[in-house]
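Have a look at the structure below, then the notes.
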Amino acid sequence: MKSIVYLIIALVVGFAGPPALAQDSHLELAETFVAEFGGTEAVMTGIETSSPMIIEAFRTNIPDLTEEEGQQIMGFFMDEMRALMPRFADDYAALIAQHLTASELREMLDNPETTLDGRLTEVTPLINRDANTLGEAYGAEAMSNALPRIQEMLANR
């Protein structure tokens, strides 16, 4: 179940539209890229959209979990994910900066349709691999943080 959550977090980071840029540092460009093309709203929306699958994953360990309890668990988890999103965005920007140069980021921000002369085909699997790892870590932290509330809720059934 946790791997579903982590995969969803990592995969939901997508592309949106172009921003206007000044001369920014490499990391600032990566932060702008994350905010414009794969911001935390997209991550949270992806998790919310996947909540039925996440609740079903919980049911493998808690077969008598009610829909209301499943929604409560998702609420606890979402609260913790929201609290982690500023740090997640910073870490994701650093990850992007490791894989794309400042000029590549500038080009992508100026022209979202660019393929960077085919470089995106090369770097996207690496970014996805590292984003999956990052998403897994944040998902695990959020679930760990939510666990006391989940346990209390289940104990008071």
Using DSSP to define loop residues, name the GluC sites (Glu not before Pro) in region 48-157 whose beta-carbon has at most 10 other beta-carbon atoms within 10 Å. 113
Provide the per-residue ³J(HN,Hα) series for region 87-102, in order, calculated from phi with Karplus coefficients 6.51, -1.76, 1.60 and θ = phi - 60°, each as a whole number of Hz, with x at glycine and proline positions. 6, 4, 4, 4, 5, 5, 4, 4, 5, 4, 5, 5, 9, 10, 6, 4
Please give the residues of region 134-157, grouped as numeric ranges, whose backbone N is less than 11 Å from a label point set 7 Å along the Cα-to-Cβ vector of residue 62. 147-157
At 1.4 Å probe size, with no ligands or nucleic acids counted, give the accessible surface of residue 66 in Å², nearest ten. 60 Å²
Taking Cα centroids, how far is region 110-142 from region 30-88 in Å? 19 Å
Using 7 Å Cα-to-Cβ label points, what is the residue 111/residue 44 separation (nm, one decimal)? 3.5 nm
Placing +1 at every Lys and Arg Cβ and -1 at every Asp and Glu Cβ, with all other atoms neutral, what dipole size does region 22-111 have around its Cα centre, in debye to the nearest 20? 160 debye
Cα extents of region 45-157 per principal axis, largest first, Å, are 57, 22, 20
Solvent-accessible heavy-atom area per residue, rounded to whole Å², over region 57-157 at 1.4 Å: 53 Å²
At R0 = 25 Å, how high is the FRET efficiency between residue 129 and residue 82 if r is their beta carbon distance? Nearest 0.05 is fine. 0.50
Surface share of carbon and sulfur [accessible, 1.4 angstrom probe, percent] for region 15-157: 52 percent
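The values are calculated or read from the model by the stated rules, or taken from the named source; none is laboratory data. In this text, all values refer to a predicted model and were calculated from it rather than measured experimentally. Methodologically, a virtual Cβ is constructed for each residue, glycine included, from the backbone with ideal geometry; neighbour enumeration extends over all protein chains shown. Heads up: the accessible areas ignore ligands, DNA and RNA and are worked out on the full protein's heavy atoms, side chains in. Shrake-Rupley method; radii C 1.70, N 1.55, O 1.52, S 1.80 Å.
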